[in-house]
Amino acid sequence: MSMAQAEFDVIVIGAGAAGMMCAAQAGQRGRRVLLIDHAAKIGERIRISGGGRCNFTNRDVRPENFLSRNPHFVRSALARFSQHDFIKLVARYGIAYHEKTLGQLFCDDSAKQIIDMLRAECDLGQVRWAQPRAVQRIAEGRDQAESGFSVHTDQGHFTCQSLVIATGGLAIPQLGATPFGYRIAEQFGLPVVPPQPALVPLALPPDTLTALQGLAGTAIDVVSQCPGQKARFRESLLITHRGLSGPAILQISSYWQNQNYESERPGHRKQPIRLDLLPDLDVPAWLQEHRHGKATLATLLASYWPKRFAQEWTAARGWTKPLAEHGNKDIAAMQQALTEWTLMPAGTLGYAKAEVTLGGVDTAALSSKTMESKAVSGLYFVGEIVDVTGWLGGYNFQWAWSSGWVAGQAV
Ligand code: FDA
């Protein structure tokens, strides 16, 4: 691509969800915008999201749906460009969508429609594209001015007044995730909350895995929680050959990671996760009702769980006799295990299996209204690179749209 014009008002690095939204908005305000990405294909994370149908937002988005060192940071951007604004945009492009569960909105046809919509929005703003193009170096100041930035790439260098870093997190490295944005933050002296994989399956230690071997491939509905924390998720748990997965686990994994990061500090100990395996039942009353009967716990549980799960889970604990033959101690242990099954994960399955990155550019260093660095005028960070991590369910894209949009109004 030949680039006659090397000077821009705005350069956005990263043509993902947040970068495209930001570039489109800035362009539509009349700013001359260049969008740079090192990948040959844009919006790859959008394309594969939601099983190819992109869970592009959630009907119910609240600040409580996000993890961040500063839980209030998201308020301004989410209020200024909300899920309703994004839904209106989707509707304006005639993209058919549906609600799957828990407010999660998906395209009826394909995630590609969202990419096409963002590209069309960029075209409306006459955004120029440079991709695939590798950014080698960023320097403060321009050729003829002290303010602004120079962006040196493998094919020439460009200057701008405002520079937006939208290079995303570290999840799924095979899709071109890089730590580039964190390095830029460090270069300009912005603090970074250590990145960690989140919305990620949890690994179990070998002895626990052996005990749960017979359960691999089975799933039940649970409530997952980190002890002592408010967040609770009523979703599906899947036992795998490597540990725990399913939405209930992906959701709680972000909190577990967060807590473990905090627990690196002196005086804190690593915490387990806790699962309520019968969230719809008054378990103490139910056990009392059946405790003098001939049925085994597995038979009773099979009314609520898949039969194999009921058999293997009870067998692993040696609870195979009719309930009447179990003493008070066993009944108390059953109650505890059913309502507060406590497991200590060995770790996560890492960025290769994670959906997002926890941590990132510390929000204390950014304006919540514009995403601009407080210390470096003209430098912005948007999307997942920021220390804001949403729940599973369309929240991470909404953060990308909202943060990209507000920066797009300010650059
Ligand atoms: P994003 O990752 O989208 O874009 C970053 C861009 O920067 C990429 O185009 C990349 O090529 C580019 N880049 C990186 N390094 C660069 C460099 N050094 N130089 C130039 N360019 C560079 N969320 C949700 O809300 N609903 C969902 O359904 C899903 N589903 C889902 C599935 C899977 C498998 C994953 C991995 C993730 C999701 N997510 C999701 C999360 C969601 O995809 C994610 O939060 C957003 O894409 C983040 O948007 P960003 O624009 O910040 O980064």
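The values are calculated or read from the model by the stated rules, or taken from the named source; none is laboratory data. The structure displayed is predicted, hence computed values, not measured ones. Glycine also receives a Cβ, built like all others from the backbone with ideal geometry; neighbour counts cover every protein chain displayed. In case anyone asks, the SASA skips ligands and DNA or RNA and just uses the protein heavy atoms, side chains included. Shrake-Rupley method; radii C 1.70, N 1.55, O 1.52, S 1.80 Å.
Overview of values
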quantity	calculated
DSSP loop GluC sites (Glu not before Pro) with at most 16 other Cβ within 10 Å: longest gap in the chain	1-145
Label-point separation, Glu140 to His241 (7 Å along Cα→Cβ), nm	5.3
Nearest 10 degrees, 0 to 90: helix 247-263 Cα axis against the chain principal axis	80
Amide proton proximity set for Thr296, modelled H, under 5 Å, gap of 5+	Leu323
Dimensionless Rg/Rh of the chain - Kirkwood Rh, Rg from C-alpha atoms	1.06
Spin-label model distance (nm) - Asp116 vs Asn328, 7 Å beyond Cα toward Cβ	6.9
Surface accessible to a 1.4 Å probe, Lys307 within the full protein complex, Å²	130
Neighbour cut-off at most 12 other Cβ (10 Å), DSSP loop, chymotrypsin sites (Phe, Trp or Tyr not before Pro), the stretch 205-306	none
Cβ-derived FRET efficiency at R0 22 Å, Asp60 paired with Arg92, nearest 0.05	0.50
Computed over the chain: relative contact order in percent, which uses C-alpha pairs under 8 Å that are six or more apart	25
Whole-percent pair-distance distribution, where bins are 5 Å wide, for the alpha carbons of the stretch 202-348	2, 9, 18, 22, 19, 14, 9, 4, 2, 0, 0
Separation of the Leu343 and Ala316 label points, Cα + 7 Å toward Cβ, nm	0.6
Cα gyration tensor category, rounded, prolate or oblate, for the stretch 96-209 with a/c compared to 1.5	oblate
Accessible surface, the stretch 199-351, averaged per residue in Å² (probe 1.4 Å)	48
Apportionment of accessible area to carbon and sulfur, the chain, percent (1.4 Å)	49
Computed FRET value (nearest 0.05) for Leu281 with Gln213, which takes r as the C-beta separation and R₀ as 35 Å	0.85
Förster-model FRET efficiency, 25 Å R0, Lys230 and Gln335, C-beta, rounded to 0.05	0.60
Cα long-axis angle, helix 112-124 against the chain (0 to 90 degrees, to the nearest 10)	20
Amide H partners (placed H, <5 Å) of Thr57, local residues excluded	Leu105
Whichever lysines have a C-alpha closer than 21 Å to that of Lys294, once near sequence neighbours (fewer than 8 apart) are set aside	Lys307, Lys321, Lys329
Hz values of 3J(HN,Hα) by residue in the stretch 204-221 - Karplus curve (6.51, -1.76, 1.60), Gly and Pro given as x	10, x, x, 5, 5, 4, 4, 5, 9, 3, x, 8, 4, x, 9, 9, 9, 7
